[in-house]
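The block underneath contains the structure these notes are about, expressed in structure tokens.
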Amino acid sequence: MTAKIIDGKKIADKILSELKSKIKNSKQKPGLALVLVGNNPASEIYVNFKEKTCKEVGFYCERFNLDKNISELDLLKLINDLNQKPNLHGILVQLPLPKHINEHLITNSILPHKDVDGFTSLSLGNLMSENAILAPATARAVLHLIESAGTGIEGKNAVVIGRSNIVGKPVAMMLLEKNATVTICHSRTKNPAEHTRKADILVVAVGKPRLIKKDMVKEGAVVIDVGINRADGKIVGDVDFENVKEVAGFITPVPGGVGPMTIAMLMQNTLTAMELAKRI
Ligand code: NAD
């Protein structure tokens with residue numbers, strides 16, 4: 001069997017072009033504040049992409065490049081100012097933050113209706129109670145890509161590898177909400193292959209190049225690779241793509257899978273945030 005490739009870039013481009021037409025003639029444009037602290041090269045690339053996409057789609061965007069030594073208090077003050085600005089509907093603080101800044105505190109200083117990353121405790125709590133309004137963009141991207149395969153989610157065995165608050169846990173919650181039987185594996189899981197071989201849907205969000213090998217994957221499975229790693233001078237995922245595609249039914253490539261879809265979902269969340277602002 002050779003897997004069908006789930007083309008995240010193509011699906012994302014379609015969503016972005018729909019967003020573009022939707023706001024083309026509207027008086028108000030969705031506005032996004034992008035906050036970057038320091039000069040982590042990967043973070044700079046992600047923020048550049050988000051800014052570029054905002055411009056392409058016709059959203060308003062303000063970018064704040066802050067010194068890596070900024071104090072926690074000054075960062076809180078900036079977010080407080082952004083919270084008050086009516087033309088900025090969404091606020092995104094690019095993670096990770098420098099070690100002297102408490103990420104949890106900063107994330108939670110964003111007003112819930114402007115939390116387009118869906119990382120505040122309230123947004124994550126809403127997800128747990130099946131009331132998500134602004135869910136984390138990567139998790140939404142993963143669900144969208146699984147649904148695009150058309151094999152369904154209800155009643156399926158879904159295995160999520162990785163339990164981070166921003167990817168693994170939200171993905172697991174969203175799959176549970178769609179009535180999958182969900183298993184979460186992590187760094188302390190003994191013999192993860194025992195679980196992955198039973199997975200109809202396998203989502204990998206670990207950050208280890210080509211961790212998932214062909215013999216760990218069930219024939220015909222839908223495999224979603226969230227990982228972004230540098231190996232052998234290129235970007236690769238957490239799945240050994242070349243070999244796993246021989247057994248999987250559907251698979252996302254890296255790059256060109258979850259990455260572009262995450263940005264499309266972020267743009268959708270920003271539009272949702274603008275709609276929410278009208279109701280407040
Ligand atoms: P994280 O470091 O916060 O979490 C990694 C998780 O993997 C942890 O829960 C850990 O328990 C688990 N883990 C570590 N080693 C393991 C092993 N050997 N077997 C099983 N589980 C193991 O990372 P994260 O923020 O969740 O990101 C994961 C990956 O996804 C990274 O490569 C990151 O760059 C990528 N990512 C991509 C996007 C995107 O838009 N495509 C968005 C967010 C994160």
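Listed residues 235, 251, 224, 228; which is of a type in the set (Val, Ile, Thr) and near the ligand (Cβ under 9 Å from one of its atoms)?
Values: 235 fails: near the ligand (Cβ under 9 Å from one of its atoms); 251 fails: near the ligand (Cβ under 9 Å from one of its atoms); 224 fails: near the ligand (Cβ under 9 Å from one of its atoms).
Result of the check over 235, 251, 224, 228: 228.
Looking at the stretch 42-92, which of the residues that are among the β-branched types (Val, Ile, Thr) and in contact with a helix residue (DSSP H, G or I) (Cβ under 6 Å, 6 or more places away or on another chain) is surrounded by the fewest Cβ atoms within 10 Å (Cβ to Cβ)?
First, the residues of the stretch 42-92 that are among the β-branched types (Val, Ile, Thr): 45, 47, 53, 57, 70, 79, 91.
Checking which are in contact with a helix residue (DSSP H, G or I) (Cβ under 6 Å, 6 or more places away or on another chain) leaves us with 53, 57, 91.
Details: 53: 20, 57: 25, 91: 27.
Among them, the one singled out is 53.
Checking the condition buried (at least 16 other Cβ atoms within 10 Å of the Cβ) and β-branched (Val, Ile, Thr), which residue from 151, 183 passes?
Values: 151 fails: buried (at least 16 other Cβ atoms within 10 Å of the Cβ).
Just one listed residue meets the conditions, 183.
Condition check: part of a loop (DSSP other than H, G, I, E, B), farther than 23 Å from residue 61 by Cα and hydrophobic (A, V, I, L, M, F, W, C). Does residue 132 satisfy that?
Working: part of a loop (DSSP other than H, G, I, E, B): yes; farther than 23 Å from residue 61 by Cα: yes; hydrophobic (A, V, I, L, M, F, W, C): yes.
Judged against the criteria, residue 132 is a match.
Return yes or no: is residue 9 of a type in the set (Lys, Arg), on the phi < 0 side of the Ramachandran plot, out of contact with any strand residue (DSSP E or B) (no Cβ under 9 Å at 6 or more places or on another chain) and in contact (Cβ under 8 Å) with a residue 60 or more places away in the chain?
Judged against the criteria, residue 9 is a match.
Which is more than 20 Å from residue 154 (Cβ to Cβ) and either among the basic types (Lys, Arg) or crowded, with 24+ Cβ neighbours inside 10 Å (or both), of 198, 178, 218, 190? I'd like the intermediate steps shown before the answer.
Values: 198 fails: more than 20 Å from residue 154 (Cβ to Cβ); 178 fails: more than 20 Å from residue 154 (Cβ to Cβ); 218 fails: more than 20 Å from residue 154 (Cβ to Cβ).
Result of the check over 198, 178, 218, 190: 190.
Sort out which residues of the stretch 116-150 are within 16 Å of the ligand (Cβ to nearest atom) and in contact with a strand residue (DSSP E or B) (Cβ under 8 Å, 6 or more places away or on another chain), and write them in order of number.
Across the stretch 116-150, the qualifying residues are 116, 117, 142, 145, 146.
Does residue 142 meet the test of being closer than 21 Å to residue 95 by Cα and surrounded by 24 or more Cβ atoms within 10 Å (Cβ to Cβ)? So that I can check it myself, show each step before the final result.
Values: closer than 21 Å to residue 95 by Cα: yes; surrounded by 24 or more Cβ atoms within 10 Å (Cβ to Cβ): yes.
So residue 142 passes the test.
Can you tell which of 48, 65 is within 20 Å of residue 259 (Cβ to Cβ), of a type in the set (S, T, N, Q) and without any contact (Cβ under 8 Å) to a residue 40 or more places away in the chain? Explain how you work it out, then say what you get.
Numbers: 65 fails: within 20 Å of residue 259 (Cβ to Cβ).
Sole residue among the options that is within 20 Å of residue 259 (Cβ to Cβ), of a type in the set (S, T, N, Q) and without any contact (Cβ under 8 Å) to a residue 40 or more places away in the chain: 48.
Which one of these does residue 95 not meet: (1) under 23 Å from residue 276 (Cβ atoms); (2) crowded, with 20+ Cβ neighbours inside 10 Å; (3) touching an Asp or Glu at 6+ places or on another chain (Cβ under 7 Å)?
(2)
Answer yes if at least one residue in the stretch 205-216 is more than 11 Å from the ligand (Cβ to nearest atom) and touching a Gly at 6+ places or on another chain (Cβ under 6 Å), and no otherwise.
Kept after step one, since they are more than 11 Å from the ligand (Cβ to nearest atom), are these residues of the stretch 205-216: 210, 213-215.
Those left that are additionally touching a Gly at 6+ places or on another chain (Cβ under 6 Å): none.
The answer is no; no qualifying residue exists.
Looking only at residues that are among the β-branched types (Val, Ile, Thr) and closer than 20 Å to residue 11 by Cα in the stretch 237-255, which one is farthest from the chain's Cα centre (by Cα)?
Of all residues in the stretch 237-255, those among the β-branched types (Val, Ile, Thr) come to 239, 244, 247, 251-252, 254.
So of that shortlist, the ones also closer than 20 Å to residue 11 by Cα come out as 251-252, 254.
Working: 251: 17, 252: 14, 254: 14 Å.
The selected residue is 251.
Any read-out appearing in this document is the output of simple, stated calculations on the displayed coordinates, not a laboratory observation. This is a predicted model, so every value here is computed, not measured. Neighbour counts are summed over all protein chains in view; Cβ atoms, including those assigned to glycine, are modelled from backbone coordinates with ideal geometry.
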